[in-house]
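Asker: A single structure is presented below for examination.
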Amino acid sequence: MRRPEATLDLQLDAEMLAPGEELRGRVDISSRKGFDVRVGRVTLECIETFWRREYDPGTRSQRNKKKKQHLVDLRHRFMVDAKIQGGVPSFEEFAFTLPEDAPLSVEGKIANVSWRVRVSFNVSGMRDLHIEHPVFVRSGESKEDADPTHDHDSVLATGGSDEHKLSLEIPPGDWKPGDSIAGSLRLDVVEDSDSPEVRVELERFEEAGSRDTTVTVDQDVLERDGSFRGGLGREWRFALTVPEQLAPSVQQSETHVRWKVKGIFSRTLRRDQFVEQHITVV
């Protein structure tokens, strides 16, 4: 079957929304020739992509298979048993209110939670018409937004070992894409020690069903080929940037995203010492 020679145009009043907000839009349809529409549909969908371990009879082994599921599926019907007149444009306006607990958009390395508006026309005797447009759901304004400098008492995390004590200090609160995390790392050693590198990393852990990965999104190398005398402490200032990427801290049914700042004292042919502090990215 052939598709009607029609032009569709989908307009939205916003592409970036927060849970609980309203999304309004309009779809326009025009055609040189008329045709019959059984029904038109507008849907606002949230789709989660993940993996499942399943048995593959071909290889006789377990393999990761990509799956998708709808987390939100809001629908609006229009133009039921209607006729599109040739040369006469038609339109439909619609509105959806996002749930207060709407899942946040995630565009990670493997984690993916996506939103879209999809419009379709079921046409009599011809192929269906459809058009779609992505939308993005981000966290709404929080109390931390009023104080972007995070000028509060710092959060202190400790780690390492008895011989190499590490202390990591960062401001408290939530972090947004584009924020700079300024903090300090302190090292106290009992005996003289060498280190190829002392650094701080910003890590993102992603889990999507049966798959997971850890991504280092930024790092600050504080010292290379350092020699440290026992009994003396050293302290460095550092700055890490949260990337402009939709990958907030989330825990959906199959999707988990967690962030942390990690201080590392590397050692040659020995296990690295580290300290870490989990943070929340919104």
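Asker: Which distance in nm do the two modelled labels at M1 and L232 give, with both placed 7 Å along the Cα-to-Cβ direction?
Answerer: With each label placed 7 Å out from Cα toward Cβ, I get 8.2 nm.
Asker: Using a Gaussian network model of the chain with C-alpha springs under 10 Å, which one of M79, M126, M16 is most mobile by mean-square fluctuation?
Answerer: Comparing M79, M126, M16 in the GNM, the peak value goes to M126.
Asker: Take the chain, connect every pair of alpha-carbon atoms lying under 10 Å apart with a spring to form a Gaussian network, then pick out the residue of Q245, Q11, Q62 with the largest mean-square fluctuation.
Answerer: Evaluated over the chain, the most mobile residue of the options is Q62.
Asker: Where the only charges are on Cβ atoms (+1 Lys, Arg; -1 Asp, Glu), what is the dipole of the chain about its Cα centre, to the nearest 20 debye? Intermediate results must be reported in sequence, preceding the final value.
Answerer: Details: 41 positive and 51 negative charges, 388 e Å.
So the magnitude is around 1860 debye.
Asker: Cross-chain or 8 or more residues apart, Cα under 27 Å: how many lysine pairs in the chain fit that? Count them up, please.
Answerer: Going through the chain pair by pair, I get 15.
Asker: Using the alpha-carbon centroid of each, what span in Å lies between the stretch 176-192 and the stretch 205-275?
Answerer: 10 Å
Asker: Mind giving me the nanometre distance, one decimal, between the label points for S61 and Q85, set 7 Å out from Cα along Cα→Cβ?
Answerer: 6.5 nm
Asker: Another question, if that's okay. For the chain, modelled as a GNM with alpha-carbon contacts under 10 angstrom, which of R270, R32, R224 fluctuates the most?
Answerer: Comparing R270, R32, R224 in a Gaussian network model of the chain, the most mobile one is R270.
Asker: Rounded to the nearest 0.05, what FRET efficiency is calculated for K109 and V39 with R0 set to 51 Å and r the Cβ-Cβ distance?
Answerer: Working: r = 39 Å, r/R0 = 0.77.
Efficiency, rounded to the nearest 0.05: 0.85.
Taken together, the values in this text are just the output of simple stated rules run on the coordinates, not laboratory data. The structure displayed is predicted, hence computed values, not measured ones. FYI the Cβ positions are ideal-geometry reconstructions off the backbone, even for glycines, and counts take in every protein chain you see.
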